[in-house]
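Here the structure is laid out as structure tokens; the discussion comes afterwards.
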Amino acid sequence: MNNQKIKRGFYTATTILSFVVLTATFFKYSEPQRVTYNPNTSYISGITYNPDQSFVPIEPVKDSINRLKVEQKQKLEAAERQAKIDRIEALFQRYNSPMQGYGELIFRRVEECGASADYRIIIGIAGNESGLGRIPYKLYNPYGYLDGKQYTDWNDSLSFLSCVITQRFLVPCNNDLVCIINRYAGPSDDKSQWIRNVTWFINQL
């Protein structure tokens, strides 16, 4: 009887001791580890990040970014160009100009013949000299340019004259109206009034 009590006591003590040991072991290894946070360290790859360094994308991504920048710039330039042409056409329509539909041609020829030239001056000259083509000095000559030629249609005259006036007057004078009128005017022209009239049309654009 006493032996049985001793055995039961031994088993009970052994069970309790085993439980205590297992419990202690569980809490020891299940306790979360404390990590000191470092904002410059990636805990995924272990790569150190320097916030002062510029981001350098891999080549395919870099090429795509550059291409998108170029495309975006081209779209903006095209939109700006079209807006200028639309303003020319709106002015022609407002004054019932026979040059309606030729705004893009005039703008393009100025652009092609003088990168620094202001297309608005060409329109202003046409406004002053012929009321935007309604009362030309000669048929299809809205600029009053005395070159002794007779043009067959608006496309013929505007293609040629828009370029010639740009090259001979706008570019050398760097778009300065005083310089332009001193070269452009005849002896009987009122230069001050010419500048005021051309400026008025320029301001409409």
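Out of the residues in the range 147-174 that are touching a strand residue (DSSP E or B) at 6+ places or on another chain (Cβ under 9 Å) and part of a loop (DSSP other than H, G, I, E, B), state the one that is modelled with the lowest pLDDT. Among them, the one singled out is Asp147.
Taking the range 175-205 as the range and being part of a helix (DSSP H, G or I) and of a type in the set (S, T, N, Q) as the test, the residues that pass are Asn182, Ser192, Gln193, Asn197, Thr199, Asn203.
Candidates Ala83, Ala78, Ala115, Ala126: the one that is under 28 Å from the mean Cα position of the chain (by Cα), at pLDDT 95 or above and either closer than 22 Å to Phe201 by Cα or assigned to a helix (DSSP H, G or I) (or both) is Ala83. Name the residues in the range 94-119 that are farther than 12 Å from Leu170 by Cβ and not hydrophobic (A, V, I, L, M, F, W, C), would you? Of everything in the range 94-119, those that are farther than 12 Å from Leu170 by Cβ and not hydrophobic (A, V, I, L, M, F, W, C) turn out to be Arg94, Tyr95, Asn96, Ser97, Pro98, Gln100, Gly101, Tyr102, Gly103, Glu104, Arg108, Glu112. Taken as a whole, the structure leaves Ser192 outside the set of residues that are more than 35 Å from the chain's Cα centre (by Cα), among the hydroxyl-bearing types (Ser, Thr, Tyr), surrounded by fewer than 19 Cβ atoms within 10 Å (Cβ to Cβ) and at pLDDT below 95. Against the conditions (1) loosely packed, with under 14 Cβ neighbours inside 10 Å; (2) within 31 Å of the chain's Cα centre (by Cα), Val171 satisfies every one except (1).
The values are calculated or read from the model by the stated rules, or taken from the named source; none is laboratory data. Just so it is clear, the model here is predicted, and its values are computed rather than measured. Counting neighbours? That spans all protein chains shown, and the Cβs are built from the backbone with ideal geometry, glycine included.
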